[in-house]
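My structure is below; once you've seen it, I'll send some questions.
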């Protein structure tokens, strides 16, 4: 297994534990880096809740390396706020909170889910999305963070309009070249892309320069590597050979207890600190 840098997504792994106990569980499994979907039900939670999460990360010795902006009620089907007129204000309220927490924790990757399409959205929805992504990227730049844009699969997310690497990278390029946002990149979620039939092995070989972050799960069940159809060792070898130097977020639903789902990754490769790329 190649010596890439791996982190654990605590919003989908270790969910058998209360949220503030999950960083310590990840550390006990050998990881020193974690990522999160927005972990609060509101865009501006009380400071005491942000402080409690920060303490849990610090006490466990884990580094937060990626964090989602508020994406709405994910369980109810929301997939982001920034492109929808009815939720745009909520997204904007969340920007400074996320960026402030990123600055406090040293997190440098912020994921902005686009939001489901609306029946009468069209070009106006795209225009609003670009406007809000520019605001997010400008704020993130102040703390040295990058905003990443993700493609989701249409099978599980039928209302989400960005479902291919080309669509996501085109939006990234538009923000970079038409709006001067250099701190915007593509989040390559290999699970979602593979479910859409993309040749992910070729993608990591040819497009990794556009990756700001990578996420990984096996297909089609979104379990840990070895539970599905992806040749994960080969895929990771190709990613490492491409020169990708970012993080690989483990964003899968474990088959069984979370702590038992990492056997595919040797323990000495789980912690990034002390290893030289």
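Any residue at all in the stretch 25-39 that's farther than 16 Å from residue 259 by Cα, part of a strand (DSSP E or B), at pLDDT 95 or above and under 12 Å from the mean Cα position of the chain (by Cα)?
Yes - at least one qualifying residue is present in the stretch 25-39.
Can you tell me how many residues within the stretch 43-52 are within 21 Å of the chain's Cα centre (by Cα) and either assigned to a helix (DSSP H, G or I) or modelled with pLDDT under 95 (or both)?
Qualifying residue count, the stretch 43-52: 1.
Condition check: farther than 27 Å from residue 22 by Cα and either outside any loop (DSSP other than H, G, I, E, B) or at pLDDT below 95 (or both). Does residue 119 satisfy that?
It is true that residue 119 is farther than 27 Å from residue 22 by Cα and either outside any loop (DSSP other than H, G, I, E, B) or at pLDDT below 95 (or both).
Taking the options 124, 89, name whichever one is more than 19 Å from residue 66 (Cα to Cα), at pLDDT 95 or above and surrounded by fewer than 19 Cβ atoms within 10 Å (Cβ to Cβ).
Unique residue meeting the criteria: 89.
If you check residue 104 against the conditions, is it at pLDDT 95 or above and closer than 21 Å to residue 172 by Cβ?
Against the criterion (at pLDDT 95 or above and closer than 21 Å to residue 172 by Cβ), residue 104 does not qualify.
Given the condition in contact (Cβ under 8 Å) with a residue 24 or more places away in the chain, under 22 Å from residue 169 (Cβ atoms), buried (at least 20 other Cβ atoms within 10 Å of the Cβ) and touching a strand residue (DSSP E or B) at 6+ places or on another chain (Cβ under 6 Å), answer yes or no: does some residue in the stretch 13-30 qualify?
The answer is no, given that none of the residues of the stretch 13-30 is in contact (Cβ under 8 Å) with a residue 24 or more places away in the chain, under 22 Å from residue 169 (Cβ atoms), buried (at least 20 other Cβ atoms within 10 Å of the Cβ) and touching a strand residue (DSSP E or B) at 6+ places or on another chain (Cβ under 6 Å).
How many residues does the stretch 53-76 contain that are assigned to a loop (DSSP other than H, G, I, E, B) and either within 17 Å of the chain's Cα centre (by Cα) or buried (at least 20 other Cβ atoms within 10 Å of the Cβ) (or both)?
6
The values are calculated or read from the model by the stated rules, or taken from the named source; none is laboratory data. Source: prediction; values computed, not measured. Positions of Cβ are backbone-derived with ideal geometry, glycine not excepted, and every protein chain shown enters the neighbour counts.
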